[in-house]
1. Taking the Cα centre of each part, how many Å lie between the stretch 147-169 and the stretch 354-394?
2. Sorted by accessible area with a 1.4 angstrom probe, largest first, how do Thr232, Thr192, Thr357 fall?
3. For the chain, what relative contact order do you get, as a whole percent, if you take Cα pairs closer than 8 Å and at least 6 residues apart?
4. Round to the nearest 0.05 the FRET efficiency obtained for Asp46 and Leu77 when R0 = 25 Å and r is the Cβ-Cβ distance.
5. If I take R0 = 56 Å and measure r between the Cβ atoms of Arg290 and Gln151 in this structure, what FRET efficiency does the formula 1/(1 + (r/R0)^6) give, to the nearest 0.05?
6. Would you tell me the accessible area of Leu3, worked out with a 1.4 angstrom probe on the heavy atoms of the protein chains, in Å² to the nearest 10?
7. With the Cα gyration tensor of the chain in hand, convert its eigenvalues to equivalent ellipsoid semi-axes via √(5λ) and list them largest first in whole Å.
8. Excluding ligands, DNA and RNA, what is the solvent-accessible area per residue of the stretch 128-177 at a probe of 1.4 Å, expressed in Å²?
Amino acid sequence: MELHQVKELLTQKLEASALVHATISGPRQKSNDLRRIKLKPILLKDTYAIQLEFQYERIIKHENLSVDEFLERLDGLMEEFRQFLFRFETEEVQFQLSKKMKVSLKTTQQSPLQAELSHNRKKSHLLEDGVAVPFLVRLGVMTEDGQVKRQKYDKFKQINRFLEFVEDSISALPTDRTLRILDFGCGKSYLTFALYHYLSVVKGFDLKVTGLDLKKEVIEECTAIARDLDYTNLEFRVGDVHDYNEDTEVDLMVTLHACDVATDVALARAVDWNASVILSVPCCQKELNRQLDCSPLDVMLQHGLIKEKFASLATDSIRAEILTLVGYETQLLEFIDLEHTPKNVLIRAYKNDRQPTEEKVDRYIAFRDLLHAKPYLAHELSGRLGQISSKLVQ
Ligand SMILES: C[S@@+](CC[C@H](N)C(=O)[O-])C[C@H]1O[C@@H](n2cnc3c(N)ncnc32)[C@H](O)[C@@H]1O
């Protein structure tokens with residue numbers, strides 16, 4: 001295909017608003033500080049536009065263009081870069097340009113995918129690149145003048161994504177008392193600080209947040225940062241989630257990438273302490289992988305890789321089902337893109353105290369028994385589950 005034909009193809013697709021995402025990379029000049037440009041469609045006051053994310057060596061900048069404006073820039077971009085990858089709704093268009101602008105093109109049909117336009121609009125409401133936020137500066141995610149550091153950009157996106165979930169959950173939290181929030185397995189606590197900043201500093205909630213982790217040095221460091229930031233109602237403690245019993249009432253339980261069954265312990269304590277909202281991103285999951293025994297699925301389970309993924313998905317499905325049984329409206333949602341981490345399922349549960357139907361109970365038992373699963377969470381919540389139905393106790 002000739003270059004002008006490639007341009008026609010792109011023009012046609014872009015004008016049809018079929019873009020999902022794109023990457024322009026491979027700068028022709030080694031000295032070019034601009035490494036790559038990522039593109040995605042967004043809505044700006046309900047008008048379709050393309051957002052360009054310019055990824056420099058150390059910083060990231062954004063610019064929003066109409067389709068026409070972008071097409072006007074295309075020639076310049078082709079002179080500056082060699083590699084182009086456009087993911088459209090049903091097709092991937094990938095091409096390289098030689099020094100003499102000869103095209104080597106590959107197009108592949110893809111299963112249909114739609115751009116998430118509404119998310120983009122929402123994201124820009126939370127933390128913004130270019131606007132300094134003290135905790136992000138202190139944690140080294142931003143420079144003093146608010147530019148997100150290049151190597152911290154994924155973290156920045158993860159924090160923003162997490163805050164979207166927090167924002168969506170606000171209406172499910174009580175408003176008549178000091179909010180009690182726990183983060184089990186808080187680690188370096190980027191998200192704990194983000195949570196505090198958003199709910200306390202931005203939204204003005206009266207709250208008390210505790211981050212808990214096994215690692216003493218990490219907790220000491222987090223304590224020092226909270227002190228520097230003057231986050232007086234944020235504390236960190238060294239401890240094991242299995243032993244923690246300081247609280248009897250919690251409003252929001254957060255657990256992000258807490259290893260293996262630490263997630264289950266956190267979920268069980270959240271239920272015991274009547275948490276209104278649970279936000280949990282599980283981590284590695286080894287328990288069900290060891291238990292799985294289901295010969296009709298051997299075509300899948302004979303492959304270690306598939307078995308591990310299946311065990312992980314089944315575990316999170318079981319967790320969601322158990323939370324539903326004990327009175328939570330539960331959803332499994334995407335946390336961040338797969339390209340950043342495989343740990344991308346977020347369990348969101350809002351307390352609704354609804355009694356499960358007999359069919360729901362039987363559906364869960366049928367799935368559990370099919371896999372020969374003995375879920376840790378069911379064990380931790382055996383008292384509650386037993387009150388719902390004796391069939392739920394193993
Ligand atoms: C993968 S890190 C995640 C840290 C942080 N929540 C995040 O998302 O960036 C998991 C953390 O859980 C902590 N952890 C694991 N098991 C724990 C337990 N039983 N009690 C308390 N913390 C635990 C580890 O020390 C580690 O810091």
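The values are calculated or read from the model by the stated rules, or taken from the named source; none is laboratory data. All values derive from a computational prediction rather than experimental measurement. Glycine gets a Cβ as well: all are built from the backbone with ideal geometry, and neighbour counts include every protein chain shown. Protein only, heavy atoms only, side chains kept; ligands, DNA and RNA dropped before computing areas. Shrake-Rupley method; radii C 1.70, N 1.55, O 1.52, S 1.80 Å.
1. Their Cα centres are 36 Å away from one another.
2. Descending order: Thr232, Thr357, Thr192.
3. It comes to 10 percent, rounded to a whole number.
4. 0.40
5. Result of the calculation: an efficiency of 0.95.
6. Probe radius 1.4 Å; accessible area of Leu3 about 40 Å².
7. 42, 28, 18
8. For the stretch 128-177, the per-residue accessible area is 44 Å².
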